[in-house]
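The values are calculated or read from the model by the stated rules, or taken from the named source; none is laboratory data. Computed from a predicted model, the values in this text were never measured in an experiment. Here the Cβ positions follow ideal geometry from the backbone for every residue, glycine too, while neighbour counts run over all protein chains shown.
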Amino acid sequence: MKVLYILKNEPDETGKTILETLKKEHDVTVVDLRENKNYSGLVDLIDSSDRVICW
């Protein structure tokens with residue numbers, strides 16, 4: 001499963017634990033909106049992902 005994580009802020013410890021657990025089982029891509037402003041690329045990633053999680 002392809003999972004896209006969109007981060008608006010630094011995840012807390014629970015978020016980091018969930019992210020690391022998912023990385024072991026799925027294809028995970030992380031986009032930090034504080035650093036990455038390529039919105040057309042983000043739309044492509046959303047479209048190609050099975051699950052999108054905003055944090």
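Computed quantities for the displayed model
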item: Some residue of region 43-51 being modelled with pLDDT under 95 and either of a type outside the set (Val, Ile, Thr) or on the phi > 0 side of the Ramachandran plot (or both); result: no
item: Residue count, region 31-55 (criterion: among the β-branched types (Val, Ile, Thr), surrounded by 15 or more Cβ atoms within 10 Å (Cβ to Cβ) and out of contact with any helix residue (DSSP H, G or I) (no Cβ under 7 Å at 6 or more places or on another chain)); result: 1
item: Residue that is farthest from MET1 (Cα to Cα) [pool: residues in region 12-30 that are surrounded by 11 or more Cβ atoms within 10 Å (Cβ to Cβ) and among the basic types (Lys, Arg)]; result: LYS16
item: Scan of region 13-55 for residues that are touching a residue at least 40 places away in the same chain (Cβ under 8 Å) and either among the charged types (D, E, K, R) or assigned to a strand (DSSP E or B) (or both), ordered by number; result: ASP50, ARG51, VAL52, ILE53, CYS54
